[in-house]
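Below: one structure, written as structure tokens.
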Amino acid sequence: MNREQIMSVLYDIALVIGGEVSVRPLLTKTVQRLLYHTSFPTGLVCLDVPDGGGDTIETTLDAAVGDFGFAGLVGSRIELPAQLLRGGPKVCEAPALLAGLSAATRTYTVFLRLPIDHQGVLLLLAPRRPSTQLPLTEIFRPVMANLAKAILLCRHNDAYTAGLQAERDEAQRFLAESEKKFRSMATAAQDAIVMIDHEGRINYWNPAAERIFGYRADEVVGHDAHSRLAPERYRQLFHEGFARFTDSGHGPLIGKTIEIEALRKDGREFPVEVSISAFKLQGRWHAVGLLRDITERRQAEQALLRANRTLKTLSGCNGILVRATDESHLLHDICSLIVDTGGYRSAWVGYECENGKRCLSPVASAGEDRDFIGNLDIDLDDRSTAAGPAARAFLTGKTQLVQDLAADDNYPAHRNDALQRGIAAAIALPLLDGGTPFGVLKVYAEAREAFNAEEVALLTELSEDLAFGIVTLRGRRERERLEAAEHEGAERLKRALLGTIQAVALTVEKRDPYTAGHQQRTAQLAVAIARELGWPADRIEGVRLGAMIHDIGKVYVPAEILNRPGRLSELEYGLIKAHPEVGYEILKDVELPWPVAQIILQHHERLDGSGYPKGLADGAIIPEARLLAIADVVEAMAAHRPYRPALGLEAALGEITRQRGTLFDPEMVDACLKVLRERGFSFG
Amino acid sequence: MQASAMEYLAAVTASSVEETLGRWRADYPEMGILALVPETEKDAVAELQRTCSQAGVPLVGAVFPALLRDGAFCGQGAWLLRFDQMPYAALHPDLPRDDGLPAALDKVVAGLMPHLDGNGDVTLFMLFDAMLPNIGTILDELYLRLANRVHYMGANAGSETFQPMPCLFDNERIVQNGVLAMLLEPHRGAILEHGYEVPEQMITATSTEGNRIMQIDWRPAFEVYQELARAQYGIEITRDNFYVNAVHFPFGIVRANGITVVRIPVALQEDGSLFCVGEVPANAVLALLRAPAVDTGHTLDTLLDGLAELNGGVAGRDLLLFYCAGRRLHLGLETAAAELRLLTDRSNARRLCGALSLGEIGSTTQWGYPLFHNATLVASLWGEPGTP
């Protein structure tokens, strides 16, 4: 072979070595090319052959081609003769040495050893020496040098690739785990999870979605989401919004939670709570939606809302009842409350007609249907109208409920009118007085099944309260009428009595001309003192009345004693001193709102107990009597008496001032002095 | 001495086939047939399939440009080669030419492995469709998987026009772009030799793809070829006369042991690239075998010595031979036929049977690395149980 030909062989092997990036194929293909060129049938490579003495060396077999015994041990530790592994490039016939290769599946007699610089050794084995004119141990030196460098680079690359692979494996494991978690979550989720691709097609549909919407995954995946899941009226809007979404990832629903109607497979609509998020996949916007069936929640909310409304209605009803003073206003206010607060379409109250006909006639109403209600004529003897709920409620005394007006064939003739107006349900509640119906409360609603059990119970309570309110109002009116009449009689009696008393007092004064006007003047002063003391008007009235007739007991004193000038005998004086008790006896059984009899009895008692008839002292004497005692003394001393000339006002005031605190109440004395000296009081 | 396991049928008819099968089945009830059919008789494959199937005889075979019959080339009839007991044989059509190849070969090997216990001599006998562009790679991959569990031998079938043609068959199918793999046991392999002299001038195939050479020394390959033909023979090489001229300018892949692996360019592609039977390594440095001298004596000596070494002599025995079509064209029909006659005479074989092939597989020594060649003779004994 010439140099050019040798170069072509080396070039060929160098190309193979340079073309590999991983150790295992590098070694395998290099060995293959060497076998190809040398006619050795078998090649082995051991890298990183350990140092050490001994006949054999345990090392790793890194490549083996051509002998399936060795090929099966690639990657394993094997024992090879040290003579085979150690040393420089060499072709050697060594049948004895090679006979010891336990892994060999054929008999070898020749080996070609090619050390790979510091990386290891490459061995070619053959049953007999292949013919060649070339110094194989020499021509492959540069190739082996190249191979050593390539092994180094490939090892780096393998390590790098292994690192990348480990990262990729980890990432894939993580991804797989995430995927598994997501699948588990999505499978176990109670809410529907629906993913939509950039063309609006469903590409994920979890089991909850199957349950909620009724579609199996294979029935919807790949189909347009909006056409399948959204009611017709929303679709145009959704498609417009989705077009914007695919461009920008934004949309009116993205990132929000809304409540909306969705469409089941069977075509029924139902409320869902939807949360939609956007995410980018392979540069395109996708959407994921969490959808929760809120049918039950919506029903509960509606029920709660209605219950609240009904409770508010009931509460408002109680307020109206408490404040009610007029039945007509009461009925109107209740009907307005049912409509305004209760949220019902309309309401009316009807009473039995007063024209002798057996019929029900609306007497109050509220809401949209006043003209309709106003024209209602419910003849209780007419089968066509008596079959209606209002009539039935009145006739039976029991609540009548019509949840679906359209389906109630017993409804009277005006049912069609009601339906056309939008009335869909109604309830009629009897107004009872002691179990006897006297009217009906009727409520209309726009929705079928509008009255649930709770509402019926509350409306029943409302109607009972209304009935009680009406009955109570009517009872109160009657009581007030009776009380007014009674009060008027009492007043009349009182006025007659006072007139009588005054007439008696005048009679007394006529019998005693010297004291004529004494009682009136005393009353004037007593009233002035009482006012000065700040007494209430009603009490002052009692004082005034008592003063007006305080000497009524003198009616039993003979006129000649009363009119006789000069001193009286002891007996005569005794007769006069009896007049408080006589006066008391006259008035004690007359029912008056003031202690007039006691005033008369005690007006001659004194604080120190020196008075008469009982000799009462201090607190035992009622204030009105203590006050009257002062006014009586002042007026008597200031005025002329048959048995003496007038002493004068100053003398009178001097007397009470002297007796202040002993005979007379000091505070009242002070008030009297103030009235007469400071207030400019004068007897009229 | 056993009767020959080779039967030449001058005419492939139902009766001729039935007669042969009937005769053989009496002694070999579990026999099978390997049929070698010349391209001109390819329509006879159907008759073979029908008759063998009716007789319940397993059949495999291939279509070649021509047959070899007792020291001559032959375009008619068919060779029936008897397996005394039908061995493992599998037809694998449409082998991938891309990354799918390793998996396909795993499947091929998976079929073979249960029949290989690692003991005794077994030969993996492969007949390829010559149009496969990656036979060299396939051999490398098979050697990695099977190593020395088997000896390797084979040949390429197909048309010498190098037009795609279903050329591999069994009882039911006739397929292309694949391999017919058979396990011969006991069998000690084949000997391969071409005797082309080692060239002096080296060129570089600067652009190759599988079995196509686009550039030589960084120039369009066809341009280089035209210059060579002009200089050597004073003829103008064209698309039409390309094959008959190019056989005189084959490429050689030089090996370190001094033996050249020949690659004969057989067709000119539309894009000016040269189509070879057998792979050319990418960026390979090739030897250009300018009108190579062929040492027939050395070739035959090598073959016969090798066979003798393997089998203890071929005299009186049946010899299976594949003779490269390109070699025949290069040598000329007369010289090639003479070479064939010489081999027949020198071998003293009882019967020499074979086919003109479009590529050969084997090794120059026993247990050698399996190589894909052009321009060679591949010889092997056939059908003798207990062959040493």
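In table form, for the structure just shown:
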{"quantity": "Under 5 Å, built H, 5+ apart or other chain: amide partners of B:I33", "calculated": "B:L59, B:V60, B:F83"}
{"quantity": "Hull shadow area, averaged, the stretch B:233-274 [alpha-carbon convex hull, nm²]", "calculated": "3.6 nm²"}
{"quantity": "Base-10 log of normalised Debye intensity for the stretch A:315-423 (one unit scatterer per alpha-carbon) at q = 0.10, 0.21, 0.22 Å⁻¹", "calculated": "-0.30, -1.27, -1.35"}
{"quantity": "Subset of A:K312/A:K442; A:K357/A:K398; A:K554/A:K588 violating a 20 Å alpha-carbon distance limit", "calculated": "A:K357/A:K398"}
{"quantity": "Alpha carbon Rg of the stretch A:443-572, scaled by the compact-globule rule 2.2 N^0.38 Å", "calculated": "2.21"}
{"quantity": "Positive-end extreme of charge dipole, the stretch B:36-123 - chosen from B:V109, B:C74, B:Y88 (charges on Cβ)", "calculated": "B:C74"}
{"quantity": "Set of lysines with alpha-carbon distance to A:K149 below 29 Å, sequence-local pairs under 8 removed", "calculated": "A:K29, A:K90"}
{"quantity": "Rounded to the nearest 20 debye, dipole of the protein assembly as shown from Cβ charges on Lys, Arg, Asp, Glu", "calculated": "2120 debye"}
{"quantity": "10 Å Cβ neighbours from other chains, averaged over peptide A:3-12", "calculated": "6"}
{"quantity": "Assigned charges on the beta-carbon of Lys, Arg, Asp, Glu; the stretch A:582-627 dipole about Cα centre (debye)", "calculated": "100 debye"}
{"quantity": "Cα shape, the stretch A:197-239, gyration tensor, a/c 1.5 rule", "calculated": "oblate"}
{"quantity": "Convex hull volume of chain B per residue (C-alpha atoms, cubic angstrom)", "calculated": "126 Å³"}
{"quantity": "Reciprocal of mean inverse Cα separation for the stretch A:119-158 (Kirkwood radius, Å)", "calculated": "12.1 Å"}
{"quantity": "Net +/- balance of residues flanking A:R658 in space, Cβ distance below 15 Å, scoring K and R +1, D and E -1", "calculated": "-3"}
{"quantity": "Two-decimal Rg to Rh for the stretch B:111-221 - Kirkwood Rh, Cα set", "calculated": "1.04"}
{"quantity": "Cβ neighbours within 10 Å from other chains - mean over A:34-45", "calculated": "6"}
{"quantity": "Among B:A336, B:V277, A:T59 the positive-end extreme of the charge dipole of the protein assembly as shown (Cβ point charges)", "calculated": "A:T59"}
{"quantity": "Calculated SAXS-style log₁₀ I(q)/I(0) at q = 0.09 Å⁻¹ - the protein assembly as shown, Debye, Cα scatterers", "calculated": "-1.04"}
{"quantity": "Rounded, prolate or oblate (a/c below 1.5 giving rounded, otherwise prolate when a/b exceeds b/c) for the stretch A:23-130 by Cα gyration tensor", "calculated": "rounded"}
{"quantity": "Positive minus negative residues near A:Y344 (Lys, Arg vs Asp, Glu; Cβ under 13 Å)", "calculated": "0"}
{"quantity": "P(r) weight above 20 Å for the stretch A:80-168, C-alpha pairs, percent", "calculated": "47 percent"}
{"quantity": "Placed amide H near A:L431: partners under 5 Å, 5+ positions off or other chain", "calculated": "A:F438, A:G439, A:V440, A:L441"}
{"quantity": "Signed unit charges on C-beta, dipole axis of chain A, positive-most listed residue A:A467, A:I540, A:G283", "calculated": "A:G283"}
{"quantity": "Peptides A:420-429, B:364-373 ordered by average Cβ neighbours within 10 Å, highest first", "calculated": "B:364-373, A:420-429"}
{"quantity": "Built amide H within the under 5 Å cut-off of B:L286, gap 5+", "calculated": "B:I203, B:T204, B:A205"}
{"quantity": "22 Å Cα-Cα reach of A:K181 towards lysines, excluding residues that sit fewer than 8 places from it in its own chain", "calculated": "A:K280"}
{"quantity": "Under 13 Å, Cβ to Cβ, from A:L73 - net charge with Lys/Arg +1 and Asp/Glu -1", "calculated": "-3"}
{"quantity": "Separation of the A:L97 and A:D538 label points, Cα + 7 Å toward Cβ, nm", "calculated": "14.3 nm"}
{"quantity": "Averaged over B:132-143, number of beta-carbon atoms from partner chains that fall within 10 Å", "calculated": "1"}
{"quantity": "Electrostatic dipole magnitude of the stretch A:316-380 [Cβ: Lys, Arg +1; Asp, Glu -1; Cα centre; debye, to 20]", "calculated": "120 debye"}
{"quantity": "Rounded to 5, percent antiparallel among DSSP beta bridges of the stretch A:241-307", "calculated": "95 percent"}
{"quantity": "Cα gyration tensor shape for the stretch B:14-169, rounded if a/c is under 1.5, else prolate or oblate", "calculated": "oblate"}
{"quantity": "DSSP beta bridge pairing in chain B, given as percent antiparallel to the nearest 5", "calculated": "75 percent"}
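Laboratory data are not the source of any read-out in this text; all were calculated from the coordinates shown. Just so it is clear, the model here is predicted, and its values are computed rather than measured. Every residue, glycine among them, receives a Cβ derived from its backbone with ideal geometry; neighbour counts consider all protein chains shown.
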